[in-house]
Amino acid sequence: MSGSGGPVRVLHVDDDAEFATLASTFLEREDDRFDVVTAHDADDGMEHLESGTYDCVVSDYEMPGRNGIEFLSAVREHHPDLPFILFTGRGSEAVASDAISAGVTDYLQKEVGTDQYALLANKVRNAVERTRAERARQRHLEAIETAQEGISILNEAGEFIYVNERYADLYGYDPEEMLGEHWELTYPDGDVEFAREEILPTVKASGVWRGKTTGLRSDDTTFVEEHVVSETEHGDLVCTVRDVTETERREAELRRKTRAMDEAPVGITITDPSRPDNPVIYANERFLELTGYDEDEIVGENCRLLQGPDTDPEAVEELRRAIEAGEPTSVDLLNYRRDGSAFRNRVAIAPVHDDGELTNWVGFQRDVTEERARERAIADLHATARELMAAETRQGVAESTVAAVHEVLDFPAVGVHFYDAESNTLPPAAWGERTEELLGEPRPFAPGDLAWRAFEDGEARVYDDLTDYPEYFDHEPVNRSAMVLPLDGYGIMLVGSPDPGTFDDTDVSLAQTLSAHATTALDVIDREAELRRYERIVNTMQEAACIYDEEGRIELANEYLADFNGTSPANLEGRDSALIDRLRERAPDGEDPFRELFTGERSRIHAEIEYEHPDHGHTVVDARLSPLSVDGEVESVVGVARDVTEHRTRERELERYETIVESSGDPVYTLDADGRITFVDDRMVAFTGYEESELLGAHVSKVIDGRDNDRGRDLIRSLLEDGDGHRTVEMDTITADGERIPCENHIAILPFDDEEGFRGTTGLLRDISERKARERELERRNQRLDEFASVVSHDLKNPLSVARGQLELAREEGDDEHLQAVADAIDRSQVLVDDLLTLAREGDRVVDPQSIELAALVEESWESLENEDARLVVDAERSIEADETLFRQLVENLLRDAIEHGTGAAAGDDPTVTVTVGDLSDGFYVADDGPGVPEDDRDRVFDAGYSAANGAGLGLTIVKRVAEAHGWDVALTESESGGARFEITGVGEAGAAAR
């Protein structure tokens, strides 16, 4: 069988070298990915693990030196996550329990036959795949966590009801510290008014506010934050925050430099208005470069020589007006260079005065041709931004970004790559047709690639000539120049050109604008996904939550409340609330506590209300109601209710339990929530030998050891989680003189306090010393019997397994009648071993009786037997109350007996035996059409050691033992066709009632 996911190296440890070799051969046949290495004991296995790398360990249990459990413990010290499968011939609940406690991955008992190797191979394959998948999932979760922004959610009262780790870190708090606090906690005093008068009204009016605010940390330091506040449909506010202090500083510095560049003259001219036609008397070098004139060609001339046929007359008129008025002005107009080429010139002129007299005009010229083109591109990009913000998926953002690069920026090659945490690569998400024409289908980028650097450090990269970086290419790059722009943690935008030096500062700026729009769109998609997640959180609350109008009608309801009422949230809207009606009914005459929430007479209501629910009957709820104010006016009431019906029932049960305890005559004590003794009765004092003053205030560990203390704490935690009233656990009580007395401790939770919650527990002790002594004696007997069965199992099953494996290998070379005889002998030996183990281990203990459908269990048992020459007829509808394990053994033994003694011996030439299972008035029967059993032998077939033609006689002994264990009778008669008919009776009315 071939698998996927890479090679799997398995270490198989077994002291039986022949069996280990055989198992390795079959495992490698089951999956061609398996490479199995064998070791003969635990020490040898540890040496292999220290010197090599393995994906899974398979180990026997009984081995010289350390056994399989001890070997597992040693492996876990150095390899806590390495899959470990215990594959042993010794199967018992004790071994399985010890293996689970030691951290075993899986457990498989050795059987005869090769089918076990397919099962073992499947367990190895599943364990390795689970381990690999868990490692990949953990890496994915860690990557997602590092990419999260600071996010919080405020309720209508402006209090934090959700804060993620990143948000709390920004302000210097733990998330738990911020929950329930008002949003003013994160604002300096001077900025609170701005938030109230600007941010909140904008959110109410448009649903969202974006901008920069000043954040206040817990240590009173501040930082600049990029802040987005949006309102959910339920009125909650979702706040997304990013610390942009450093970004703001860099942007401020950039603005200063930009202002300096904007205000600084590029081309400079000075004219003399005192001379005719106001001629140029000075032109700097940049002006000459801009216009293409020599200095002697421009000096003495008026600047109008730059004008041409398409020069804007309005701009010229504005310059003339300003000169006549003696005022500064600035215009954009079309000018012409000396060679006749046109350019868009931004001209600024200003008068220069000396002692109040106009002496000169200074002019500044700047070529804004590309700037005007850039402005048009920016306008187009802003239109594109609206398309990006309308995208609903990351893929939609990627495709819109690619389209904008082609249509607006007119760059030849572009691709958007999103980060994939699972593969730790940047696979392509979208690219254009021109990109594919130039490069073919884009490939993913990985750490170490040139494009990865921008993603890793978040800085844009511009490469004028990619041939300058030969270490990154194994061939001549098709694109000679490239821009790589990060999309924050989402991925990158890659723009390329087949020509070197294609991209100037304007190109880079426009591309960065587009990448910023794309990043914002991706942020919005993620924030909306987070908002939907929060809505799911509210709807998965295990409390009823809703908003009431002034009349007590439901305006909004969560899914828990709807489910409780058997409807949908939408169907609850507009309904009168039975809870509000009951609250009003129980109020004193003339009072309406619910109405008082709207008038301001009450700030909250916390009450326990009992009423009759149409679906749930008598119901007790713990309800909390608070007014919801908008702009100082109470508009509605928020209600949260918890069903405490079971809790109150439990309290009443505890009261009854206390009454029983008082009359029981056994020692009684109570503990507080910290496990300290708060009450003991006289019987407890006498039982422990301590004085009452020595016990009161002491921790319960004074009278129990640490292990029992941990078990008791776990039991109390389970009682609190499951809501059970009380449970019983066995533990030792340590008296004042050090005697350990085994006891049954009946533990119950004390009634909850409305303010403090859990108050502690009460316990009743019962001395079970005599019972434990009897149990220990019985355990010693069972242990001797189990040891005997284990020896038989280990000493017989391993050779039988090896023989079976060697037999199948021999059959692959050729088959003959002697091999079949060997196989039959092995099968009979295996049946003997299984029957002996059943008698030794199961005995006549009915452990877990349950309702079993007879027909279904018969058909399942039939499928597990070799039945090629037999036919099954099931005419049964009865359900039987029985221990499933024992009952399955009974049925399988009866079916096997019918097949083995009936096949080949049926009447006539037909070798097929028909086995029929049917109902009786008080039980069922199993009959066959074989030769039957002589009447003189029918009473002896159930005796241990009775031997028929094809068996050793234990199977029917087990049938009788199982029947007697259930209180049933079993008898052998003759079937209608002359075969054997076994009748199981005395099953009783329980089976008939379940039919």
- Note on the structure: Sequence order, region 345-359: Karplus ³J(HN,Hα) from phi using 6.51 cos²θ - 1.76 cosθ + 1.60, θ = phi - 60°, Hz rounded, Gly and Pro as x, gives 10, 9, 10, 10, 10, 8, x, 10, 10, 10, 6, x, 10, 5, 10
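In region 476-537, what percent of the accessible surface is made up of carbon and sulfur (1.4 Å probe, ligands and nucleic acids excluded)?
Numbers: 1150 of 2320 Å².
Looking at region 476-537 in its full context, I get 50 percent from C and S.
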- HN-Hα J couplings of region 879-888 from phi, Karplus 6.51/-1.76/1.60, θ = phi - 60°, integer Hz, Gly and Pro as x? 10, 10, 8, 7, 6, 4, 4, 5, 5, 4
- List the residues whose amide H sits under 5 Å from the amide H of Val37, counting only those 5 or more places along or on another chain, with H placed 1.01 Å from N in the peptide plane. Val10, Leu11, His12
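Quick check: net charge around Ala898, other residues with Cβ under 12 Å of its Cβ, Lys/Arg +1 and Asp/Glu -1? It would help to have the intermediate numbers written out before the result.
Working: positive: Arg871, Arg896, Arg981; negative: Asp869, Glu892, Asp897, Glu900, Asp928, Asp929.
After counting each charged neighbour, the total is -3.
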- Item | At R0 = 60 Å, FRET efficiency that the Cβ-Cβ distance of Thr506 and Thr202 yields, to 0.05 | 0.95
- Message: Residues of region 100-139 with the amide nitrogen closer than 14 Å to a label point 7 Å from the Cα of Arg76, along Cα-to-Cβ, please.
- Response: 100-107
- Computed lengthening from Arg652 to Glu251, 0.36 nm per intervening residue step minus Cα-Cα distance: 137.5 nm
- Expressed in angstrom and rounded, the centroid-to-centroid distance over alpha carbons for region 475-507 and region 677-728 is 72
- Query: With each pseudo-label sitting 7 Å past Cα toward Cβ, what's the Arg304-Thr645 distance in nm, one decimal?
  - Reply: 9.8
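Could you list the GluC sites (Glu not before Pro) in region 601-640 that lie in coil according to DSSP, counting only those with at most 15 other Cβ atoms within 10 Å of their Cβ? Intermediate results must be reported in sequence, preceding the final value.
Details: sites: Glu601, Glu608, Glu610, Glu612, Glu633, Glu635; in loops: Glu601.
When the GluC sites (Glu not before Pro) of region 601-640 are filtered for loop state and at most 15 Cβ neighbours within 10 Å, Glu601 remain.
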- Query: Just in region 532-616: which trypsin sites (Lys or Arg not before Pro) are loop by DSSP and have at most 16 other Cβ atoms within 10 Å?
  - Reply: Arg575, Arg586, Arg602, Arg604
- Message: Quick query: amide H of His613 versus all other amide H atoms, modeled in the peptide plane; which residues come in under 5 Å with a sequence gap of 5 or more or a different chain?
- Response: His618, Thr619
- Task: In whole Hz, with x marking every Gly and Pro, tabulate ³J(HN,Hα) for region 607-617 from phi via Karplus 6.51 cos²θ - 1.76 cosθ + 1.60, θ = phi - 60°.
- Result: 9, 9, 10, 10, 7, 9, 8, x, 9, 9, x
- Message: For the pair Glu775/Arg940, report the inter-label distance in nm, with labels modelled 7 Å from Cα in the Cβ direction.
- Response: 4.4
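So what's the net charge close to Glu30: Lys and Arg +1, Asp and Glu -1, counting the other residues with Cβ under 14 Å from its Cβ?
Numbers: positive: Arg29, Arg33, Lys123, Arg125; negative: Glu28, Asp31, Asp32, Asp35, Asp115, Glu808.
Its environment carries a net charge of -2.
Could you list the trypsin sites (Lys or Arg not before Pro) in region 171-228 that lie in coil according to DSSP, counting only those with at most 16 other Cβ atoms within 10 Å of their Cβ? Could the numbers behind the result be given before it?
On the way: sites: Arg196, Lys204, Arg210, Lys212, Arg217; in loops: Arg217.
Hits after loop and neighbour filter: Arg217.
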- Segment Ile100-Glu812, extension gain: residue separation times 0.36 nm, minus the distance between their alpha carbons: 252.5 nm
- Query: According to a simple spin-label model (label point 7 Å from Cα along Cα-to-Cβ), what is the distance in nm between Glu357 and Asp464?
  - Reply: 5.2
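With the convex hull built on the Cα atoms of region 169-289, state its orientation-averaged projected area in nm².
Values: hull surface 55.5 nm².
Directional mean of the projected Cα hull area for region 169-289 stands at 13.9 nm².
Using a Förster distance of 51 Å, how high is the FRET efficiency between Arg759 and Ala421, based on the Cβ-Cβ distance and rounded to 0.05?
Numbers: r = 47 Å, r/R0 = 0.92.
Once rounded, the FRET efficiency stands at 0.60.
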- Summing +1 per Lys or Arg and -1 per Asp or Glu among the other residues with Cβ less than 9 Å from Gly923's Cβ gives -3
- Task: Within region 156-182, find all residues whose amide N lies under 15 Å from a label point positioned 7 Å from the Cα of Ser218 along Cα-to-beta-carbon.
- Result: 163-182
- Item | Interchain or long-range residues, amide H under 5 Å from Leu628's placed H | Glu635, Ser636, Val637, Val638
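Between Ser341 and Phe752, what is the FRET efficiency for a Förster distance of 60 Å, r being their Cβ-Cβ separation, to the nearest 0.05?
Numbers: r = 88 Å, r/R0 = 1.47.
So, using R0 = 60 Å, E works out to roughly 0.10.
Output the relative contact order of region 512-601, whole-number percent, from Cα pairs under 8 angstrom with separation of 6+ residues.
On the way: 77 pairs, mean separation 15.9, N = 90.
Relative CO of region 512-601 lands at 18 percent.
The values are calculated or read from the model by the stated rules, or taken from the named source; none is laboratory data. This is a predicted model, so every value here is computed, not measured. Here Cβ is always computed from backbone atoms with ideal geometry, including for glycine, and neighbour counts include all displayed protein chains. The accessibility values were calculated without ligands, DNA or RNA, using every heavy atom of the protein model including side chains. Shrake-Rupley method; radii C 1.70, N 1.55, O 1.52, S 1.80 Å.
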